[in-house]
Amino acid sequence: MDLILWRHAEAEEGSDDLARALTRRGQQQASQMAAWLRDRLPRDFILLASEAKRSQQTAALLSKRYTVLPELNPDASIEAVMQAVNWPEAGKTIVLVGHQPYIGRLSAQLLGEQPLLWSVKKGAVWWLSHRVRHDLEQVRLKVMMTPGMLTPNE
């Protein structure tokens, strides 16, 4: 099963965190990453977003069919996120549109077994894959992509 951790794209500043919308640049970042993902995802992927407007706007550029989970809100713990996405037991590819710091911490924990705070650029994708090989559970990084990697000379 694959887990894709997608940080929402660039958003406006504001005091009401959940109401912050994507900037024009953020819409472009998310649109480019959505196009890249769309060409690579299986048809039956599950798309999850937090209650934050910027997360839902990012998700909507990939698909209009997404589920909003409060467990994915900006203040979520990595334990709550893991439980919400049911990874690796879900059996399907999960695309989670979420937030720092939990995306960085979750990536670090899944790849290095310590929940360090890795910096994750806005709009970036971490594509992780889970498998069992020779009776050992393995997590491997398939792709780490930032919006700037999709645009030449940026």
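Before moving on, here are some points about what is shown:
- Residues of region 72-88 that turn out to be touching a residue at least 40 places away in the same chain (Cβ under 8 Å) and either over 22 Å from A30 (Cβ atoms) or part of a loop (DSSP other than H, G, I, E, B) (or both), as a count: 4
- Single residue of R105, R65 found to be buried (at least 19 other Cβ atoms within 10 Å of the Cβ) and either over 15 Å from L3 (Cβ atoms) or modelled with pLDDT under 95 (or both): R105
- Hits in region 85-100 (condition: surrounded by fewer than 18 Cβ atoms within 10 Å (Cβ to Cβ) and farther than 18 Å from L41 by Cα): N86, E89, Q100
- Residues considered: L41, L47, L96, L18. Of these, the only one that is modelled with pLDDT of 95 or more, among the aliphatic types (A, V, I, L, M), outside any helix (DSSP H, G or I) and over 17 Å from S129 (Cβ atoms) is L47.
- Qualifying residue in region 126-135 (condition: surrounded by fewer than 16 Cβ atoms within 10 Å (Cβ to Cβ) and under 28 Å from A19 (Cα atoms)): no
- With respect to the conditions (1) assigned to a loop (DSSP other than H, G, I, E, B); (2) on the phi < 0 side of the Ramachandran plot; (3) in contact (Cβ under 8 Å) with a residue 40 or more places away in the chain, G123 falls short on a single one, namely (2).
- Single residue of T58, T67 found to be touching a residue at least 60 places away in the same chain (Cβ under 8 Å) and among the hydroxyl-bearing types (S, T, Y): T58
- Failed item in (1) hydroxyl-bearing (S, T, Y); (2) in a loop (DSSP other than H, G, I, E, B); (3) in contact with a helix residue (DSSP H, G or I) (Cβ under 6 Å, 6 or more places away or on another chain), with S63 passing the rest: (3)
- From A30, A52, A9, residue being surrounded by 22 or more Cβ atoms within 10 Å (Cβ to Cβ), over 15 Å from M145 (Cβ atoms), aliphatic (A, V, I, L, M) and in contact (Cβ under 8 Å) with a residue 40 or more places away in the chain: A52
The values are calculated or read from the model by the stated rules, or taken from the named source; none is laboratory data. None of these values were measured; they are calculated from a predicted model. Every residue, glycine among them, receives a Cβ derived from its backbone with ideal geometry; neighbour counts consider all protein chains shown.
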